[in-house]
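FYI, it's all coordinate maths here, none of it is from the lab. Keep in mind it's a predicted model, so treat the numbers as computed, not measured. Ideal geometry is used to build each Cβ from the backbone, glycine not excepted, and the neighbour counts take in all protein chains shown.
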Amino acid sequence: MPLESLDHLIIGGAPESSSGGERIEVISPFTEQIIATVPAATVADVDRAVAAARAAFDTGAWPRMAPSDRLAVLRRFRDTYAASQETIAETVTAEMGCPISLSRSYQTVAPKLILDAYLEIAAAYPFESVRRSDTGNALVVREPVGVVAAVVPWNVPQATAMQKVIPALLAGCTVVLKPSPETPIDAYILADLLHRSGVPDGVLSVLPAGRDVSEYLISHPGVDKVSFTGSTVAGRRIASICGNDLRRVTLELGGKSAGIFLDDADFDAAVESLRFAALRNSGQVCSLKTRLLVSKRKERDLVDRLEALIATMPLGDPADADTQIGPMVTARQRARIENYLEIGRAEGASAVVGGGRPSEYDTGWFVEPTVFTGVTSDMRIAQEEIFGPVLSVITYEDEDEAVRIANHSTYGLSGAIYTSDVTHGVALARRIRTGTVELNGSPAGFHAPMGGVKNSGIGREAGPEGLEVYTEPKSIGVPASFADEFDRAARDGDAAA
């Protein structure tokens, strides 16, 4: 779809002109042409947005609503969002090159499922509870943490925005959303739908901006919490700033996840699952399984199937429904991936599939899906996040070595195990130091916490844990009579429900 240029920021829910004159160019990764522009926010615009969020939080109605009233607003939003999914899918495809067939699920259905999960979780969440003990009785209330700076990346902009904005709003927070310069327009659609659904003025702002202005936002004294998804390098910088100010922070960062193929795995089904688990979004996802671990006995079985899989994944125009591999988001990202292809060869690995640019395209930031063999665990292509359609096949002698290789990483975001023995697979999953392990391609779902260990981040999103990080617990000591009355009212409410 053609994108329309925008002449405003969204500050406190209202369209406002930027205080500066610079604009952000949205460039098609397929045509390499400018397809839209939006204003670039300035530090003065950040001040205005944070002031609006601060006022809405400190004196506005939203944080003071009953959780059930906020839930009702976001249930209305669910309906308006569902009706806009095709527009959002086409927008994200135009902005960053995700194949449209994937955008219609991964970039739109998945965000709605995230929303659905949070609505269900919030309906049962104990925003208030009584705790009794021999040493006293407390009314424990979970209050909103305050003004949230939500910084989202370009690769799955709607899903990551949902993971931050929705639980923050359900908790009663106010939000300044900072989309990536590569994908700003879909954030405007999200904000418009939320405002039309009844989110009050002041509660949500949208500020497209570059790095310097983004850093000003996350260091702003009016911001109580930062939630960031992006690179580990940027995450370290954000963590240092937030640590200095004792600001709450959640970081979902990079990954270099391992998929372990046991000899008894169904290799046909396992490799087919890699279409999504290792190559979705043209390899531009932090949780993809890009280190594929297989015994030396089964290496050929895996590699043959990988070659066959990639042969069934057409590369081309992301607006074509048949395309499964689109262009990289920017020329800079393509150059980064090409540099890793050269590094892999220099380290002694062999590209048995792909390894360069497709010859049939003179324009578009394409990289061929690539499979390296002869990879050892200490190679840079096995240790560093490439963020493109590049897979490394690494062999092991036994399961203990497979576990050592999987854990030999500074990252710990995701992982996978393929085996016909599910019980054994679960036992092996417990030995992998990572935030999520998928068994035979089974997703953990959006009611389960998602996040990483080591250099893959701090904190969790999704599930009750993803809502809880937007709250602060407060304990109010109460007499036993109050606790009795609270419990009685809670039981009566459950009975009425």
FRET efficiency for Glu472 and Ser19 from the Cβ-Cβ distance with R0 = 30 Å, rounded to 0.05, comes out at 0.40
Under the rule of at least 5 residues apart or a separate chain, name every residue whose amide H is placed under 5 Å from the amide H of Ala36. Val26
Residue separation between Glu485 and Arg345 times 0.36 nm, minus their alpha-carbon distance, gives in nm 43.3 nm
What do you get for Rg/Rh over segment 432-497 if you use C-alpha atoms and the Kirkwood form of Rh? 1.21
Percent antiparallel among DSSP beta bridges (both partners in the chain, rounded to 5): 45 percent
In order over segment 429-443: 3J(HN,Hα) from phi, Karplus 6.51/-1.76/1.60, θ = phi - 60°, whole Hz, x for each Gly or Pro, gives 4, 5, 8, 8, 8, 7, x, 9, 10, 9, 9, 6, x, 6, x
Please give the calculated 222 nm ellipticity per residue for the chain, where each DSSP H segment of at least 4 residues contributes -39500 (n - 2.57) and the sum is spread over every residue; nearest 500 deg cm²/dmol? -12500 deg cm²/dmol
Distance from segment 208-225 to segment 261-340 (C-alpha centre basis), Å: 36 Å
Under the Karplus curve 6.51 cos²θ - 1.76 cosθ + 1.60, θ = phi - 60°, whole-Hz ³J(HN,Hα) for segment 345-359, x wherever Gly or Pro sits: 5, 5, 7, x, 7, 10, 8, 7, 9, x, x, x, 8, x, 6
Which value does Rg/Rh take for segment 257-439 over its C-alpha atoms, Rh per Kirkwood? 0.95
Suppose R0 equals 41 Å. What FRET efficiency, 1/(1 + (r/R0)^6) with r the Cβ-Cβ distance, do Arg297 and Thr31 give to the nearest 0.05? 0.30
How much of the DSSP bridge set in segment 257-439 is antiparallel, in percent, rounded to the nearest 5? 15 percent
Provide the gained length on full extension for the span Val141 to Arg380, in nm with one decimal, where the gain is 0.36 nm per separating residue minus the Cα-Cα distance. 81.3 nm
Segment 1-70-segment 405-454 distance, computed between alpha-carbon centres (Å): 37 Å
Size of charge dipole - segment 257-439 - debye, nearest 20, with Cβ of Lys, Arg +1 and Asp, Glu -1, no other charges: 580 debye
On a straight-distance basis, which aspartates and glutamates could pair with Lys225 in a cross-link, Cα separation under 19 angstrom, same-chain partners fewer than 8 positions away excluded? Asp45, Asp47, Asp58, Glu143, Asp212, Glu215, Asp245, Glu252, Glu461, Glu465, Glu468, Glu472
Karplus-derived 3J(HN,Hα) from phi for segment 330-342 (6.51 cos²θ - 1.76 cosθ + 1.60, θ = phi - 60°), whole Hz, x at Gly and Pro, runs 9, 4, 4, 5, 4, 4, 4, 5, 4, 5, 5, 4, 5
Please compute the contact order of the chain in relative form: average sequence separation of alpha-carbon pairs under 8 Å and at least six residues apart, divided by the residue count, as a percent. 18 percent
About the Cα centre of the chain, what is the dipole size in debye to 20, counting +1 per Lys and Arg Cβ and -1 per Asp and Glu Cβ, all else neutral? 1000 debye
Quick calc, segment 269-351, dipole around Cα centre from Cβ unit charges on Lys, Arg (+) and Asp, Glu (-), nearest 20 debye, gives 420 debye
Amide H contacts of Glu472 (H built 1.01 Å from N, under 5 Å, at least 5 apart or other chain): Glu143, Val145
Holding the Cα-Cα limit at 23 Å, pick out from Lys289/Lys454; Lys112/Lys178; Lys112/Lys454; Lys256/Lys454; Lys178/Lys454; Lys112/Lys474 the pairs that are longer than that. Lys112/Lys454; Lys178/Lys454; Lys112/Lys474
Let me test this: with uniform point scatterers at the alpha carbons of the chain, what is the Debye-based log₁₀ I(q)/I(0) at q = 0.09, 0.13 1/Å? -0.64, -1.23
Which cross-chain or sequence-distant (5 or more) residues have an amide H under 5 Å from the amide H of Asn137, H modelled 1.01 Å from N in plane? Val478
If you take the charge dipole of segment 1-131 about its Cα centre, with +1 on Lys and Arg Cβ and -1 on Asp and Glu Cβ, which of Ala83, Phe30, Ala56 is farthest toward its positive end? Ala56
Cα gyration tensor, segment 297-382 - rounded (a/c under 1.5), prolate or oblate: oblate
